[in-house]
Amino acid sequence: MLAKLGPLDADRIADLRPYLESVPDPRSRRSRWYSLTAILLVCACAVIGDAKSIEEIAEAGERATTTLLAALGIRRHPLGWRRSPKPVTIGRILQALDGDALDQAVGAYLADRHREVASDGRPSAQVRRVIAVDGKALKGSARLDAPRRHLLSAVTHTPVATLAQVEVGGKTNETRHFKPLLAPLDLADTVVTFDALHSVKANITWLVEAEKAHYIAVIKSNQPLAYAQLDALPWTSIAIQHTASRTAHGRRESRSIKTCSIAGNLGGIAFPHAALAIRVHRRRKPTGKPESRESVYAVTSLDTHQATPADLAAAIRGHWGIENSSHHIRDVTFAEDASTVHAGNAPRVMAGFRNLAIGTLKLLGADNVAKTTRAIRHEPERALTILGITNKPHTYGT
């Protein structure tokens, strides 16, 4: 699995340390033995090596060699030994850490690496970047006196990387955090996809007019006028413009897409900057069960000369795929839903480190994050070059 990452040249991989140094230290200046950057690096390397909890992070630090601890910035004791921080130290710091600052540092690091990967070998006319806005609950963080934490993230479709993340309190609060989530990002000529919950006209107007971005918005009954207008379009007289099918996981799926230009001079659709109406028809046939059919409507600011039906279908499918390419990995590979970390900001901070691990490995080409993290656990020095934090001249990889 590590061989699939290809040659890992430390000179070509961005160093994580300068990004983590921007995170403020919540501790008093007195009695600091470990620097905050060193502790965060221990956490980052442990999580990318399959650590799922604070205890496992501390255990990974205990197994680390003196050379590895030195590269991470762990201070040397006057007697000559280096020792990784204990679980209580790590837990106390993660609880008090500024979650916004860490998410901004991780997002900036992944954004820079995503930009390098996207431009590598591409012609000057690059394919538009597509970002999905989606929320996720941290189920294990709930307690009798406190609800579960809920995070809203901006995730690139291909390759998958979380560029921004904010805590929103609950799913119903997601729309209020739409602008604060995306405002720090460079969205010019980027396509943003989101579900019906975020199809709020004020947010769409800001996205197109202020950020110069495009959007693909799913329309459901929470936008009754726009939904009725889309449903009334003459879809039966429009030919299918793109189809795709696949058989996997015990079911056969097929999707077809139709698009219809929206004439603004004839009234258009009751949705800001809508240029195309979209209807996606999905058919699913599980083995041994009856076939189900569903039609989904959407609108986009992209015109016919800016995106083909295949491009639109890929973007819509990519948004639905975030559940498998990011959320499923966090829940299954890193056991996020089963995590009982709940005190302070620790649940959000741990989610940030999981985003860092997934994004970094996906950008390097890992097609199975679970197997790759287990391989790194047995060779922890690999995490140094993967995160660009090694000072060694030796190059890891194949």
**Complete:** The ³J(HN,Hα) series, computed from each phi in segment 32-42 with the Karplus coefficients 6.51, -1.76 and 1.60 at θ = phi - 60°, rounded to the nearest Hz and given as x for glycine or proline, is 8, 9, 9, 6, 5, 4, 5, 5, 5, 5, 4
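What do you get for GluC sites (Glu not before Pro) in segment 193-284 restricted to DSSP loop and a cutoff of at most 15 other Cβ within 10 Å of the site's Cβ?
On the way: sites: Glu209, Glu211, Glu253; in loops: Glu211.
Passing both the DSSP loop test and the Cβ count: no residue.
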**For Trp206, solvent-accessible area (1.4 Å; no DNA, RNA or ligand), Å²** = 40 Å²
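Given a 1.4 Å probe and every protein chain left where it sits, what share in percent of the accessible area of the chain is carbon and sulfur? Don't skip to the answer; put the middle values down first.
Numbers: 9420 of 18590 Å².
Of the solvent-accessible surface of the chain, carbon and sulfur hold 51 percent.
Are any of the pairs Lys52/Lys139; Lys258/Lys289; Lys52/Lys371 more than 21 Å apart by Cα-Cα distance, and if so, which?
From Lys52/Lys139; Lys258/Lys289; Lys52/Lys371, over 21 Å: Lys258/Lys289.
Multiply the residue separation of Lys139 and Lys86 by 0.36 nm, subtract the distance between their alpha-carbon atoms, and state the gained length in nm to one decimal. Present the calculation step by step, with values, prior to reporting the outcome.
Numbers: separation 53, 0.36 × 53 = 19.08 nm, distance 2.62 nm.
Gain in length upon complete extension: 16.5 nm.
Got the relative contact order for segment 256-368 handy, in percent, Cα pairs under 8 Å and 6 or more residues apart? Spell out each step's value before the answer.
Values: 92 pairs, mean separation 20.1, N = 113.
About 18 percent, as a whole number.
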**Request:** Could you check what % of the DSSP bridge pairs in the chain are antiparallel, to the nearest 5?
**Result:** 85 percent
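Please list 330-340, 101-111 highest first by mean number of surrounding beta-carbon atoms within 10 Å per residue. The partial results should precede the final answer.
Details: 330-340: 17.9, 101-111: 22.9.
So the peptides 330-340, 101-111, ranked by packing, come out 101-111, 330-340.
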**Solvent-accessible surface (1.4 angstrom probe) belonging to Glu59, in square angstrom, nearest 10** = 90 Å²
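Mind putting a number on the dipole of the chain about its Cα centre? Charges go on the C-beta only, +1 for Lys and Arg and -1 for Asp and Glu, and I need it in Debye to the nearest 20. Present the calculation step by step, with values, prior to reporting the outcome.
Working: 53 positive and 38 negative charges, 179 e Å.
With only Lys, Arg, Asp and Glu charged at Cβ, the dipole is about 860 debye.
By per-residue mean of other Cβ atoms within 10 Å, what is the highest-first order of 39-52, 79-92? Can you show the working numbers first?
Numbers: 39-52: 25.5, 79-92: 15.1.
In decreasing order of mean packing, 39-52, 79-92 become 39-52, 79-92.
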**Linear extension gain, Asp25 paired with Ser261, 0.36 nm per residue minus alpha-carbon span** = 79.7 nm
**Item:** Global geometry of segment 185-280, whether rounded, prolate or oblate, following the gyration tensor of its Cα atoms and the 1.5 cut on a/c
**Value:** oblate
**Message:** On C-alpha positions alone, give me the angle between the axis of helix 309-322 and the longest principal axis of the chain, in degrees, nearest 10.
**Reply:** 40 degrees
**Item:** Eligible aspartates and glutamates near Lys179 by straight Cα distance, threshold 12 Å, same-chain separation 8 or greater
**Value:** Glu211
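Using the Cα gyration tensor of segment 118-260, with a ≥ b ≥ c the square roots of its eigenvalues, what is the shape: rounded (a/c below 1.5), prolate (a/b larger than b/c) or oblate (neither)? Can you show the working numbers first?
Details: a/c = 1.42, a/b = 1.26, b/c = 1.12.
Because its axes are fairly even, with a/c under 1.5, segment 118-260 counts as rounded.
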**Request:** Give me the accessible area per residue for segment 125-229, probe 1.4 Å, as a whole number in Å².
**Result:** 43 Å²
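The values are calculated or read from the model by the stated rules, or taken from the named source; none is laboratory data. Here the structure is a predicted model, which means the values were calculated and not measured. Backbone-built Cβ (ideal geometry, glycine too); neighbour counts: all protein chains shown. Calculation scope for accessible area: heavy atoms of the full protein, side chains included, ligands and nucleic acids excluded. Shrake-Rupley method; radii C 1.70, N 1.55, O 1.52, S 1.80 Å.
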